[in-house]
Amino acid sequence: MDWLAVGVLTCGLLFLATGLLPPAPAREAMERIAPLLAFLGTVIVLAELTSRAEVFDVVASAVARAGRGRYGVLFVLCVLFASVTTIALNLDTTAVLLTPVMLALASRVGIAAVPLAMTTVWLANTASLLLPVSNLTNLLAADRVALSPAGLAARMWIPQLAAVAVTMGCLWLFYWRRGRRGARSYRPPEPHRPPDRVLFRVCALACAGFLLVILLAAVPLWVASASAAAVAVAAFAVRRRSVLRLSLVPWRLLVLVPGLFLVVETVDVNGLHGALAAAVGTDGGVAGMLRAAGVGGALSNVLNNLPVYLAGEAAVPAGNHDQLLALLVGTNAGPVITPWASLATLLWFERCHAQGVAVPVGRFVGTGAVLAAGAVLAASAALAATR
């Protein structure tokens, strides 16, 4: 990830220096992503400190106890846990911070790790349609179609339910049913008790307040995330100062995202725009929506969902808001086939490797292809049906 982030940014700067990327579109791109970078940096700090306060561990333990040893109940609760984390704190948070918690839960209660791991990575992508905070692409789309967080949620909640429903079906069929998980039941763990109850309460309230603010108040997302992160930082400064290190700042993401934007702008001004415009088309009706979703999902697995969305957004006619949201469906729910299709999936693979959990790539790709086709089709059809 270090080399990937630095390499992408270096390529973008070289394109700018050599004239392949004109200064005007580069400047426009940087101005556009400045608030996104502020949001991304602060929300990851908030999520990291929330994890250090063991809020996620308490919730994971409660989820396992609520299942009472029954895999079917545990499955539904894990889906809800991963979905809510993705929706409220964004998909990268789910990949980076929830993955270790779920894997530790698997070890603690003696259940298979791969079903929990796949629940995390799949829902990090397919559950990221509802709010602007859930995915960087959502922030861009909401700005383009002039939708508030509540407005985007009102437009996307049915497609989001459709995507999660298909994900649940694929998870159960490929990973959670008894023939795959290898056990009939499990032993619920003891309640998890964080050592510092003050930090736990402050960080839990900061996360809850952040979600309420972005839903109910007309403030920029980066202001809400920065305020919530400041509360968590202040609490740790008083209670556990040693945790506050520069390593909390997600520098790789803050380097990678500008690099991706510069590279995409370069490719866009040198021919990608025309190719994508031809592939996506200008039909704002149902057929055009399904076409945009399919192109977005397919190309995301070839390249990466963020640059594909950016290039696709420029290709969709300005007034075709439904077609743009269908493209968003494809680039959010579709990148579950290849390991590089989304940044969240790359981060997830890194976390699994660090904890010694091996996920066969062939099985990952094959089952992901089924999920991508089903989730993108179901969500885009739901979007078209609720125009």
Cα centroid distance between the stretch 269-337 and the stretch 1-58, in Å? 22 Å
In degrees, nearest 10, the alpha-carbon axis of helix 343-354 is tilted away from the dominant principal axis of the alpha carbons of the chain by 40 degrees
Within 10 Å, count the other beta carbons around each residue, average over each peptide in 24-33, 309-318, and list them highest first. 309-318, 24-33
Between Arg180 and Arg241, what FRET efficiency comes out of the Förster formula 1/(1 + (r/R0)^6) with R0 = 56 Å and r the beta carbon distance, rounded to 0.05? 0.80
Short to long, in 5 Å steps from zero, the percent of alpha-carbon pairs of the stretch 264-330 per bin is 4, 22, 34, 26, 12, 2, 0
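If you stretched the chain out fully between Asn270 and Val302, how much longer would it get, using 0.36 nm times the residue separation minus the C-alpha to C-alpha distance?
Numbers: separation 32, 0.36 × 32 = 11.52 nm, distance 1.87 nm.
Stretched out fully, the Asn270 to Val302 stretch lengthens by 9.6 nm.
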Take each of the peptides 4-15, 127-138, 202-213, average the number of other beta-carbon atoms within 10 Å over its residues, and list them starting from the highest. 127-138, 202-213, 4-15
Could you grab the relative contact order for the chain? Cα pairs under 8 Å, six or more apart, rounded to a whole percent. 25 percent
Could you tell me what fraction of 2.2 N^0.38 Å the Cα radius of gyration of the stretch 27-385 comes to, as a two-decimal ratio? 0.96
If only Cα atoms are counted, what is the Rg of the stretch 289-387, and what is its Dmax, in Å? 14.3, 48
Kindly express, to the nearest 10 degrees and within the range 0 to 90, the angle between helix 221-239's C-alpha long axis and the longest C-alpha principal axis of the chain. 30 degrees
Full-extension gain in nm, Leu205 to Trp157, via 0.36 nm per residue minus C-alpha separation: 14.8 nm
Looking at the chain as a GNM with Cα springs under 10 Å, which of Glu54, Glu350, Glu190 has the largest mean-square fluctuation? Glu190
Which angle from 0 to 90°, rounded to the nearest 10, does the C-alpha axis of helix 71-89 make with the longest principal axis of the chain? 50 degrees
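Grab the Cα-Cα distance for Ala217 and Leu14, subtract it from 0.36 nm times how many residues apart they are, and report the gain in nm with one decimal.
Length gained between Ala217 and Leu14: 69.0 nm.
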Among 332-338, 226-232, 160-166, how do they line up from the highest to the lowest mean number of other beta-carbon atoms within 10 Å? 332-338, 160-166, 226-232
At a Förster radius of 56 Å, what calculated FRET efficiency corresponds to the Cβ-Cβ distance of Leu4 and Arg68, to the nearest 0.05? 0.85
Plugging the Cβ-Cβ distance of Asp283 and Ala373 into 1/(1 + (r/R0)^6) at R0 = 25 Å yields, to the nearest 0.05, a FRET efficiency of 0.75
Could you state the number of Å between the C-alpha centres of the stretch 210-233 and the stretch 105-166? 19 Å
In whole Å, largest first, what are the principal axis extents of the Cα atoms in the stretch 16-128? 61, 26, 19
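No lab work stands behind these numbers, since they all come straight from the coordinates. Please read all numbers here as calculations on a predicted model, not as lab measurements. Don't worry about glycine lacking a Cβ; one is built from the backbone with ideal geometry, like all the others, and counts go over all protein chains shown.
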